[in-house]
Amino acid sequence: MNNVKNLNKWANAHTYLSVDLLRIALGVFLFIKGISFITNIQYLVELISPIDKIGGGMFLIHYIAPAHMIGGIMIVFGLLTRWAIIAQLPILIGAVIVNFMGEMHSENLIIALLTLGLCSFFLFYGSGKNSADYYFKLEK
C-alpha cells in the first residue's frame, strides 16, 4: 500500500496536461474499440478464433467488449484508473498472443503493443492530478 501511495505522490508532483490528454485518448480509444466489437461481433469472433480451441470463447466475447467500454470510460475520467487498466491487461496480452498463434496482422500487433505499453505506463503512473481519483481524495 505504501508503494501505491508513493507512486501517487510522485505522479501528482510530476503531472502534466499532455500526460492527462494521453490518458484520455487511451480511454477514448478503448471505448471506441469496445463499441466496434459490439457492432461487429463477427469480427471479434474471428479475432479470437485461434485461441478458441483452448476454451472459453463465449466468455471472451462477453468480457472483451464490456471491459473495453467500461474501462475506457473509467480511464477517461481517471476513476479507479489502475483497476480499469488491470482489467485491460489480459485482453491486450491476448491480442498480442493471437497475432502469433493465428494469421499475423502487423497493424493489429502494433496497435496492441502500443496500447499495452500505454496501459503499463498508466498502471504505474496512475491517473494524475486532473482526474476523479485526485478529486475524491481531496474531498476526504
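What are the residues in the stretch 121-135 that are part of a helix (DSSP H, G or I) and in contact (Cβ under 8 Å) with a residue 24 or more places away in the chain, if any?
Listed by number, the residues that qualify are PHE122, LEU123, PHE124, TYR125, ALA132, ASP133, TYR134.
Cβ-Cβ under 6 Å, sequence separation 6+ or interchain: first residue in the stretch 103-117 and over 18 Å from TYR43 (Cβ atoms) and of a type in the set (Gly, Ala, Ser), partner at pLDDT 90 or above and part of a helix (DSSP H, G or I). Which pairs?
Final answer for the pair search is none.
Is it the case that PHE37 is surrounded by 15 or more Cβ atoms within 10 Å (Cβ to Cβ) and modelled with pLDDT of 85 or more?
Judged against the criteria, PHE37 is not a match.
Would you check which residues across the stretch 42-56 are of a type in the set (Gly, Ala, Ser) and either over 14 Å from GLU103 (Cα atoms) or at pLDDT 75 or above (or both) and list them?
Correct list: GLY55, GLY56.
What are the residue pairs meeting all of these: first residue in the stretch 27-44, first residue in contact (Cβ under 8 Å) with a residue 24 or more places away in the chain, second residue loosely packed, with under 13 Cβ neighbours inside 10 Å, Cβ atoms under 8 Å, and 6 or more apart or on different chains?
PHE37/TYR43
The values are calculated or read from the model by the stated rules, or taken from the named source; none is laboratory data. Since the structure is predicted, the reported quantities are computational estimates derived from the model, not experimental observations. Positions of Cβ are generated from backbone atoms using ideal geometry, with glycine treated the same way; all protein chains shown enter the neighbour counts.
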